[in-house]
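> Take a look at this one; I'll ask things after.
The values are calculated or read from the model by the stated rules, or taken from the named source; none is laboratory data. Small disclaimer: the values here were computed from a predicted structure and weren't measured. Heavy atoms of the whole protein, side chains included, go into the accessibility calculation; ligands, DNA and RNA do not. Shrake-Rupley method; radii C 1.70, N 1.55, O 1.52, S 1.80 Å.
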Amino acid sequence: MYQVLIVDDEEIVCRGMAQFVKWEKCGFEVAGIAASVDEALRMLKKCQLTWCLQISVCRKNRGSIY
């Protein structure tokens, strides 16, 4: 199963995506959510993730996660 990290600067968007998308049906499990690029980068360094889904452009550090 693939793991995904959901990133958006609006935490409620992250939680909604994690809860309402049927990730398991698509072969994914949510490894975590991050509400900032910095938080996402810290999580990516710790985990062996398959996918990182950035929902929208974060206001700070735009594009640095790619």
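> What aspartates and glutamates sit close enough to LYS22 to cross-link, taking a C-alpha to C-alpha distance under 15 Å and skipping anything fewer than 8 places away on the same chain?
Reachable aspartates and glutamates: none.
> Further question on the same structure: Scan around ALA34 for amide H atoms under 5 Å from its own, H built in the peptide plane at 1.01 Å from N, and keep only partners 5 or more places away or cross-chain.
The list, which skips near neighbours in sequence, is ILE6, VAL7, ASP8.
> Moving to a separate point now. Tell me which residues come under 5 Å, amide H to amide H, from GLN3 once H is placed; ignore anything under 5 positions away on its chain.
GLU29, THR50, TRP51
> Whenever you get a sec, line up CYS26, CYS14 from highest to lowest accessible area (probe 1.4 Å, protein heavy atoms). Could the numbers behind the result be given before it?
Values: CYS26 90, CYS14 0 Å².
Ranking CYS26, CYS14 by accessible area, largest first, yields CYS26, CYS14.
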